[in-house]
Structure formats: structure tokens, C-alpha cells
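Chemist: This structure is in C-alpha cells; I'll ask about it shortly.
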Amino acid sequence: QAKRAGRGTFRYYTEALTQAAQQRLQLDGRLRRALERGEFALFYQPLYRLADRQLLGLEVLVRLDQPGLPPVGPAEFIPLLEDNGLICELGAWVMRQACLQARAWLDEGLDCGRIAVNVSSVELLRDPSIERIRHALDEAGLPASRLEIEITESGLMQAGSPAEEVLHRLRAMGVRLAIDDFGTGYSSLAYLKRLPVGKLKIDRSFVADLGDEACHGSALVGTMVAMGRGLDLAVLAEGIETEEQLRRLVALGCEAGQGYLFGRPAPAPLARQWLPPLQHAPAQGALASVWPD
Ligand code: C2E
Ligand code: MG
Ligand code: MG
Ligand code: MG
């Protein structure tokens, strides 16, 4: 009897696994076609200083844009592209498009602030990644200081010291660096201190738990804000959805944020509405004083 139940369970698992593998294979094919046909799109989400809702920049978020097919988010397809190596191809496309879009806005007299592009640590470790970023900036004629690269804390921890070396080279180029999904990746204070990063982005799971006493939500966020302060880093909270979360974050000393409360990711023609006019001299308008390195 027990043996039979065991077999049944085994069969159930193999079927489930086969199904998962098949779905993966299907998505893999879909992604390859999307890369060939240019069926990805970029969305932009505003990043604000909380004190006065001044726009600090826009985060660039990639979307699959294949009409008639079920939507799949980047949280699902980026890991797959990291596994099959195609992340470099997508990453290069995203970087190029993002830099060109920022340039186009600046040419229109609109201040997009810093353009924040997510870069996978897998991509970062591939050899021509730095040259590709340099090339994207040069082609668009975008100052490196207008670009911020977001690397997840967990990706960074996995990639180890080779990634650190790349970060130092990027920072030397003038590119700004942010640690994404901060609080989920177990980095140490000592580690953060030796990285050339300028910003911590508190993962949205902590923002969601802010009012929850049982999870010590406020204590955790407060500690992360204090860590950022202690290391002279800017701190931004992700996933702000309610006025209550905003109020708590401000009370905890968090200076910047993004989230549905301020604006959902939107395609470029809609994101345009968030951009203030460009202030000429001094060099980078208000940005330089607002956003410390
Ligand atoms: P992320 O970098 O942490 O980006 C923030 C995610 O939170 C985005 O999800 C955004 O749409 C979502 N979000 C923003 N505000 C709110 C809010 O108030 N509530 C909630 N519930 N969610 C909010 P998205 O666009 O699905 O992207 C997921 C992840 O995929 C990103 O997380 C990033 O790690 C990755 N990703 C996105 N675009 C790229 C890309 O071009 N390259 C790479 N390598 N990764 C990317
Ligand atoms: Mg990000
Ligand atoms: Mg994030
Ligand atoms: Mg996140």
C-alpha cells in the first residue's frame, strides 16, 4: 500500500516536472523569437524625492510585447535569459534604447534626471558589457552621470569579486551605481562599504510590511535607512502604494521612493508627462545637489 502511494507520488512529480520543463521550453522559444523580431518594449517608472516630489529619474523596465500571447513579466523571463545566455543580447538592446530615449527627452528640453537601468550580474560578468555600456552612452551622446545601473544585492553576492571589479570600472567612467532589492541578499556592512555604490533601493517587500508589527516592518526599514546614512548612501524605497506607507517612510528618514502611489511604469509617450523642463546652467540643474553620490 505504502509502496503504491509512493509510486503515485513519484508519477505526479514527474508529470509536474515535465509540464514545467515544457512551459520553460515554450517560453524559451518565445523569447528567442521576440529578440529576433524586436518584440520587447521599455516602460519607465518615476523616482521621486519624497520631501517635495521632485523627479530624480526614471527606472527602465523591460516588457515582452507580443500581441495575442499571454503576458509574461520580467521577473519570470529574465532568469530564463540568464540561464540561456541571451540576457546579454537583451541587456544591450535595453541599454541602447534607454540611452537614446534619455537623449531624445533632453533634446526636447525635458529633464529625465537619471535614467536607471537594471543590469543582471550575469551580464555584468560577460566580457564586452562595459564596452557596450560605453558605446551606448557615446552613441546617444549621453553624459555617463545621467546613467544609473541597478544591480540586485543577491546577484552581486553570487557574482563575487569579479563583479566588484566591473563596478569600479563603471564608476570610474562616471556611471552611478545602485543596489537593487536591498535587504534580500545578505550583504554585510563591510562589503557595502568597499563597493563604489551611491544608492540603496529597499526591496518592496519591506515597504509592504511597514505597518506590520509582527514582522518588525518599521524597525527593519529604519535600520536600512540608518545603514545608508552611515555609509553616505542615498536610500530609495520601492513599491510605495499607499499614503500610509509614504508617511511612515518619511518619518523613518527615507529620502526617495517609487511606486504605484506616484506612478505605474508607462511607455515613453506617457512617461513624458512626468518630466519637468530642463534648467540650463549650472551643468546638471538641481540634480547634482539633490542626488549625492
Ligand atoms: P526591480 O528592478 O526591483 O523593479 C521594480 C519592480 O517593482 C518592477 O516590476 C515594477 O513594475 C514593480 N513596482 C513598482 N512600483 C510598484 C508598486 O507600488 N507595487 C508593486 N507591487 N510593484 C511595483 P517589473 O517591471 O515586473 O520587474 C521585475 C524585475 O525584473 C525588476 O525588479 C528587475 O529586477 C527585473 N527587470 C526589469 N527590467 C529589466 C531589465 O531591463 N534588465 C534586467 N536585467 N532586469 C530587469
Ligand atoms: Mg530595479
Ligand atoms: Mg528593485
Ligand atoms: Mg524589487
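Chemist: Quickly run through region 127-153 and pick out the residues that are within 19 Å of Asp83 (Cα to Cα) and surrounded by fewer than 16 Cβ atoms within 10 Å (Cβ to Cβ).
Modeler: Result: Asp127, Pro128.
Chemist: In addition: What pairs can you find where one residue is in region 50-62 and part of a loop (DSSP other than H, G, I, E, B), the other is at pLDDT 95 or above and within 16 Å of ligand 4 (Cβ to nearest atom), and their Cβ atoms are less than 7 Å apart, with a gap of 6+ or different chains?
Modeler: Leu50/Leu249; Leu50/Cys254; Leu50/Ala256; Leu50/Gly257
Chemist: For a quick check of your reading of the model, give me the residue pairs whose first member lies in region 114-137 and is charged (D, E, K, R) and modelled with pLDDT under 95, whose second is in a loop (DSSP other than H, G, I, E, B) and surrounded by fewer than 21 Cβ atoms within 10 Å (Cβ to Cβ), with beta-carbon atoms closer than 9 Å and at least 6 apart or on different chains.
Modeler: So the pair list comes out as Arg126/Gly85.
Chemist: While we're here: Considering only residues that are in a loop (DSSP other than H, G, I, E, B) and either over 21 Å from the mean Cα position of the chain (by Cα) or more than 16 Å from ligand 4 (Cβ to nearest atom) (or both), which ones fall in region 223-253?
Modeler: Of everything in region 223-253, those that are in a loop (DSSP other than H, G, I, E, B) and either over 21 Å from the mean Cα position of the chain (by Cα) or more than 16 Å from ligand 4 (Cβ to nearest atom) (or both) turn out to be Leu231, Asp232, Leu233, Thr242, Leu252, Gly253.
Chemist: Right, another one. Give region 254-279 a look and list any residue that's part of a loop (DSSP other than H, G, I, E, B) and either charged (D, E, K, R) or touching a strand residue (DSSP E or B) at 6+ places or on another chain (Cβ under 8 Å) (or both), or say none.
Modeler: Passing the criteria: Cys254, Glu255, Gln258, Gly259, Phe262, Gly263, Arg264, Pro265, Leu275, Pro276, Leu278.
Chemist: Counting only residues that are near ligand 4 (Cβ under 9 Å from one of its atoms) and out of contact with any helix residue (DSSP H, G or I) (no Cβ under 9 Å at 6 or more places or on another chain), how many does region 202-213 have?
Modeler: Going through region 202-213 one residue at a time, the tally reaches 2.
Chemist: Has region 247-258 got any residue that is in contact with a Cys (Cβ under 7 Å, 6 or more places away or on another chain), at pLDDT 95 or above and within 21 Å of Gly185 (Cα to Cα)?
Modeler: Within region 247-258 (the criterion being in contact with a Cys (Cβ under 7 Å, 6 or more places away or on another chain), at pLDDT 95 or above and within 21 Å of Gly185 (Cα to Cα)), the answer is no, since none of the residues qualifies.
Chemist: Given the structure, is Leu220 within 16 Å of ligand 4 (Cβ to nearest atom), without any contact (Cβ under 8 Å) to a residue 40 or more places away in the chain and buried (at least 19 other Cβ atoms within 10 Å of the Cβ)?
Modeler: Answer is no for this residue.
Chemist: So if I check each of Ala92, Ala102, Ala98, which one is touching a helix residue (DSSP H, G or I) at 6+ places or on another chain (Cβ under 9 Å), assigned to a helix (DSSP H, G or I) and surrounded by fewer than 22 Cβ atoms within 10 Å (Cβ to Cβ)?
Modeler: Ala92
Chemist: Of everything in region 66-76 that's crowded, with 16+ Cβ neighbours inside 10 Å and farther than 30 Å from Ser145 by Cβ, which residue is farthest from ligand 2 (Cβ to nearest atom)?
Modeler: It comes out as Gln66.
The values are calculated or read from the model by the stated rules, or taken from the named source; none is laboratory data. Computed from a predicted model, the values in this text were never measured in an experiment. When we count neighbours, we look across all protein chains shown, and the Cβ atoms used for this are built from the backbone with ideal geometry, even at glycine.
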